[in-house]
Amino acid sequence: MNAAKPLQVALHTGLFLLGLLVGAAGALVQGGWFPGGLLLALAGTAGLFYGGRRAAGAQLGALTPAAGWLVAVVLLSLGRDEGDKMFWGGMADLVYILGGMVIAVICATMMLSGQQVKPLR
């Protein structure tokens with residue numbers, strides 16, 4: 001059995017869980033301390049996605065925490081029957097959700113330094 005496979009599974013599991021945590025923390029911070037909290041939440045999101053990309057050395061490293069982040073944001077936006085929810089549709093909420101998605105796409109599609117484009121065969 002290849003020793004790298006369990007390490008990759010552990011890395012991506014950890015990145016997914018960190019994505020859940022950063023998504024939930026960002027949802028709390030962005031609404032609590034506007035506009036500084038919004039900037040802090042987006043900076044934390046960008047740091048996680050870029051750090052995951054660097055740690056894994058592949059696009060999947062940015063997409064795995066983005067998936068966890070998206071799950072947390074969607075679950076928190078659903079709310080409960082009593083009317084409790086994290087996102088009320090304000091400008092800061094929309095900037096956080098759309099900004100996080102844009103950051104995920106940027107981190108997944110960017111070239112890392114020293115990386116070369118491989119020709120298609």
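The values are calculated or read from the model by the stated rules, or taken from the named source; none is laboratory data. Remember, predicted model here, so these are calculated numbers, not experimental data. Cβ atoms come from the backbone with ideal geometry, glycine included; neighbour counts cover every protein chain shown.
Inclusion of G31 among residues that are touching a residue at least 24 places away in the same chain (Cβ under 8 Å), in contact with a Pro (Cβ under 8 Å, 6 or more places away or on another chain) and buried (at least 17 other Cβ atoms within 10 Å of the Cβ) is not warranted. Among the conditions (1) touching a Gly at 6+ places or on another chain (Cβ under 8 Å); (2) at pLDDT 70 or above; (3) surrounded by fewer than 14 Cβ atoms within 10 Å (Cβ to Cβ), V71 misses just one, which is (3). Look at (1) loosely packed, with under 15 Cβ neighbours inside 10 Å; (2) basic (K, R); (3) modelled with pLDDT of 90 or more and you find that R53 fails only one, number (1).
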